[in-house]
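In what follows, a structure is listed as C-alpha cells, so that the remarks can point back to it.
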Amino acid sequence: MTLIVPVLRTWMRAVSEISRAVNVAAPLDVVLTKVADQARDLIGFDFCAVMLADDNVERLEIVGWSGLNDDYVKLLRDDSSLQIEPGSPDADSPAARAFREVVTVTVSDTDRDAAAYGRLRLASLQGYKSLVASPLHGEDEPIGVLVGYSKAPRMYGKADIELSELLAEQTAIAIHTSKLRSRREWAEQQHSTLMKLVLDGVGLDGLASALSEVLDTAVAVIDTEGRRLDGKHTDPNSDWTDDLYLYHHVDEKREAGYATQFVERANGDACVTPVIIGGKVAAQLWVLGEKAMSDTTTRRLVEQFALVVGMELLAARHALEVEARLSGDLIYEVLRRESVTEAKGLIERSRVLGFDLEDTRNVVLISANKVIDRLPAVVRQVRDAVRTNVLAAAYEDDIVFLMPEVPDLRRALDRVLRQRAEHDSATKLTVVVSPPIERADDIRSAYQASFGAARLRAGAEDSTGLVDLRHLSVLDLLLMADAPSVYLKRLADQLIAPIALQDQQRDAQLVMTLRAWLDSGFSSTKTAKELTVHVNTVGQRLARIEKLSSKDLRLPSSRLDLQLALHVWDVLQLDRSESLPQSRTRRNL
C-alpha cells in the first residue's frame, strides 16, 4: 500500500498536467509533447513519441516527442518512413504494426528484431535498444500510436504494457478533447464571421460563398419552388451541383419536417438543412459532398448558418413587401390618371424605387386564377428573365409590370411561362404585352389594351400563352376602353406614313392606289381602270405598299388594318399639312 500511493499520486499528477494543457487550449503538438514528457517519468522511458495517422491514413506522423534528437525526428518525418501499409518488411515498423492490428507491440532488442521490422535499423541513430508501441483508440478506429523507447534491451512485463496502454487511453482522450475544443472554437469563430457578414450586408450570395469557402465544398440555397437563390458556389472540379437533381428532390424533402436530412448521390452525398421562417420551411440549405457533415461541430455550424440564411431571407422578404406596397400604390395612381407627367411627384417616386416611369416601353399583364397569391414568385421569375429592374404590383386581379426596353422580351416571357408550367401545370397563365409606349402618359392606355386582351383570352378554351400587342392592329384598338387618339395616330404612322413619304419623295401615287384598291373590293383590274393605268402598274404599286407597310395584302386582317389606318390618316391630314406637299395632300383627299 505504501508503494501504491506514491505511484498513484505521480500518475494523477501526470494526468492533471495533460488535462491542464488541454483546458488552456494549448496547441495539439504542445499537448502531445506534454504526454511524451509524462510517459518518460511514469513508465521510465528514455525517449517517447506520439504519432498520429495522416488524413489519408497512409503514414504515421510524429506530432509530439520527448528526448528524441532533431535528426532522428527529421528522419521519421521523411515520406518513406512510418508507412502504415509498407510494401515489404524492410519498410515496416513496430509502430505501424501496432496501428494496423490495434495491439500493443513490444521489441525487447532491436538488433534481434531488425529482420522483422526493417525500420529498426535506424535505432542506432537515436541510441535505443527496445521499445513498446500502444495504439491510440478513436471512436471507431485507431488514430495513432504512443511509442516509448529505452536505451538498453528491456523485457516489458505485464505492468509495463498496462501502464503504456493506460497512458495511450489518456492520450486518446486528450486528443479527442483538444480537437473538440478546437472545432468548437473554430465553429464559434466561423459563426461570428457569418454574423459579421450579415451586418456588413453582403447578402445571401456573399454568405453562401463564405460557407462554401469555410467547408471547402459546394453549397446551394434552394427555395420551395426549386429556384437557386445563391450564386452557385460550386467546386469547379466536381459535378455535384446538378440544378435539375436539386429541383426534383426539393419537393421530396419538403415534407420531411424540420430535421436535417441526408441524400445519397452517385457523385457524393448531400446534407439538406431546412431554413425555417415563421414556423414554415422557406428554403433548404444543401451542402454537397462527403464533407457535408464530417462531424457534429460542422453540422451545428451548418444549422447555425441555416438560421443566418433565414435572417437574410426574412430581411429580403420584408424589403420586397415594402417595395411591393410602394410599387402598388404608385401603379394604382398611374393607371387611374389621364396624365402621369402632370401629376406631381409620380415620376420622382418611381425613381426612388429604382425605376423611371419615363423609361416605360411596355405594360406586361399576367392574368390567372388567384395569380396575385403567387405575386412574389412571379415577380422574381419575371425579373430574373428580363434581367433588368421593373415596377410590379397586383392590380385588380392581375399582376402588372411596367417594363423598360427589354431585348428579346418575348423570349424572356416565354421562359417565365415554361417555369410556371413546370411548377404549377394546373394554373392557366395568360401573359399580355401591351402596345409600345412612347410617353409616360401612354401607360394607362397601354394597360387598357392589355386588360382587354387578357379578358378576351380568358374566354378561350386554353387561355395559357402569350399575347403580343406590340404591333398595332385594329384588334388592339378595339381592346382599348376608349381608343385614345395616341394609338390611332400611331396606327396611321406605322402603316400609312411610310407609303405617304414615298409619294412625297417620288410622286409614286401609292396612297391613291391603296385607296382605290380598297374601295374596289381588292380588284387590281378595277383599280387600274379607276386610275387609268395598266394593271401591271397596279400590281407593282401594291407590291411596294406591302414592303413599306410590312403587311401581306392577301390577308383579310392586313386589309382591315390598312383600311382603318387610311381612315385615320385622312382625319389627321390637317395636322400633317406641313410635312407633305399641299398638292399631294389634296390629291389624296
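The values are calculated or read from the model by the stated rules, or taken from the named source; none is laboratory data. Just so we're clear, the structure is a prediction, and the values are computed from it rather than from any experiment. With ideal geometry, Cβ positions are generated from the backbone for all residues, glycine too; neighbour counts draw on all protein chains shown. In case anyone asks, the SASA skips ligands and DNA or RNA and just uses the protein heavy atoms, side chains included. Shrake-Rupley method; radii C 1.70, N 1.55, O 1.52, S 1.80 Å.
Among the residues of segment 360-383, how many are under 26 Å from the mean Cα position of the chain (by Cα) and basic (Lys, Arg)? Qualifying residue count, segment 360-383: 3.
Close Cβ contacts (under 9 Å, 6 or more residues apart or on different chains) running from residues in segment 491-502 that are touching a residue at least 24 places away in the same chain (Cβ under 8 Å) to residues that are open to solvent by less than 10 Å² (accessible area, probe 1.4 Å) and not in a helix (DSSP H, G or I) comprise LEU491/LEU472; GLN494/LEU472; LEU495/LEU472.
Out of all the residues in segment 433-453, is one or more in contact (Cβ under 8 Å) with a residue 24 or more places away in the chain, in contact with a Leu (Cβ under 9 Å, 6 or more places away or on another chain) and acidic (Asp, Glu)? Within segment 433-453, not a single residue is in contact (Cβ under 8 Å) with a residue 24 or more places away in the chain, in contact with a Leu (Cβ under 9 Å, 6 or more places away or on another chain) and acidic (Asp, Glu). Picking from residues in segment 85-105 that are in a loop (DSSP other than H, G, I, E, B) and of a type in the set (D, E, K, R), the one that is surrounded by the most Cβ atoms within 10 Å (Cβ to Cβ) is ASP92.
So that you can scan it fast, the table gives a plain yes or no per residue for (1) over 19 Å from SER327 (Cα atoms); (2) modelled with pLDDT under 90; (3) aromatic (Phe, Trp, Tyr):
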position: TYR395; (1), (2), (3): no, no, yes
position: PRO407; (1), (2), (3): yes, no, no
position: ARG410; (1), (2), (3): yes, no, no
position: ALA449; (1), (2), (3): yes, yes, no
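The set of residues in segment 498-519 that are open to solvent by 80 Å² or more (accessible area, probe 1.4 Å) and among the acidic types (Asp, Glu) contains only ASP519. When ILE545 is tested against the conditions (1) in contact (Cβ under 8 Å) with a residue 24 or more places away in the chain; (2) assigned to a helix (DSSP H, G or I); (3) more than 24 Å from LYS489 (Cβ to Cβ), the lone failure is (3).
Of all residues in segment 129-147, exactly one satisfies the criterion of being more than 51 Å from the chain's Cα centre (by Cα) and open to solvent by 10 Å² or more (accessible area, probe 1.4 Å), namely LYS129. I'd like to check something: does segment 474-492 contain any residue that is at pLDDT 80 or above and part of a helix (DSSP H, G or I)? Yes - at least one qualifying residue is present in segment 474-492. Just one of the listed residues (SER150, SER124, SER108) is over 12 Å from PHE45 (Cβ atoms), small (Gly, Ala, Ser) and open to solvent by less than 30 Å² (accessible area, probe 1.4 Å), and it is SER108. State all residues of segment 353-373 that are under 14 Å from SER450 (Cβ atoms), open to solvent by less than 60 Å² (accessible area, probe 1.4 Å) and not aliphatic (A, V, I, L, M); if no residue qualifies, say none. Those that are under 14 Å from SER450 (Cβ atoms), open to solvent by less than 60 Å² (accessible area, probe 1.4 Å) and not aliphatic (A, V, I, L, M): THR360, ASN362, SER367.
Hey, does segment 401-413 have a residue that's under 28 Å from LEU229 (Cα atoms), out of contact with any helix residue (DSSP H, G or I) (no Cβ under 8 Å at 6 or more places or on another chain) and not in a loop (DSSP other than H, G, I, E, B)? Yes, segment 401-413 contains a residue that is under 28 Å from LEU229 (Cα atoms), out of contact with any helix residue (DSSP H, G or I) (no Cβ under 8 Å at 6 or more places or on another chain) and not in a loop (DSSP other than H, G, I, E, B). For segment 386-427, taking the residues that are of a type in the set (D, E, K, R) and surrounded by 19 or more Cβ atoms within 10 Å (Cβ to Cβ), the one that is farthest from LEU466 (Cα to Cα) is identified as ASP398. Answer yes or no as to whether TYR117 is among the aromatic types (Phe, Trp, Tyr), within 25 Å of LEU28 (Cβ to Cβ) and in contact with a helix residue (DSSP H, G or I) (Cβ under 8 Å, 6 or more places away or on another chain). In short, no. Just to verify a result, which residue in segment 165-206, among those that are more than 30 Å from ALA282 (Cα to Cα) and open to solvent by 70 Å² or more (accessible area, probe 1.4 Å), is modelled with the lowest pLDDT? Checking each candidate, the answer is LEU180.
From the residues in segment 320-352 that are part of a loop (DSSP other than H, G, I, E, B) and open to solvent by 40 Å² or more (accessible area, probe 1.4 Å), which one is nearest to ARG439 (Cα to Cα)? Here the residue is THR341.
LEU313 satisfies every condition listed in (1) within 30 Å of ALA283 (Cα to Cα); (2) modelled with pLDDT of 90 or more except (2).
Yes or no: segment 436-443 includes at least one residue that is in a helix (DSSP H, G or I) and under 25 Å from the mean Cα position of the chain (by Cα). No. Going through segment 127-144 one residue at a time, which ones are of a type in the set (A, V, I, L, M, F, W, C) and either in contact with a Lys or Arg (Cβ under 8 Å, 6 or more places away or on another chain) or more than 17 Å from ASP46 (Cα to Cα) (or both)? Of everything in segment 127-144, those that are of a type in the set (A, V, I, L, M, F, W, C) and either in contact with a Lys or Arg (Cβ under 8 Å, 6 or more places away or on another chain) or more than 17 Å from ASP46 (Cα to Cα) (or both) turn out to be ALA133, LEU136, ILE143. Checking each residue in segment 147-171 for being of a type outside the set (Ser, Thr, Tyr) and not in a helix (DSSP H, G or I) picks out VAL147, GLY148, LYS151, ALA152, PRO153, ARG154, MET155, GLY157. When the residues of segment 30-66 are filtered to those that are of a type in the set (D, E, K, R) and in a helix (DSSP H, G or I), the one that is surrounded by the most Cβ atoms within 10 Å (Cβ to Cβ) is LYS34.
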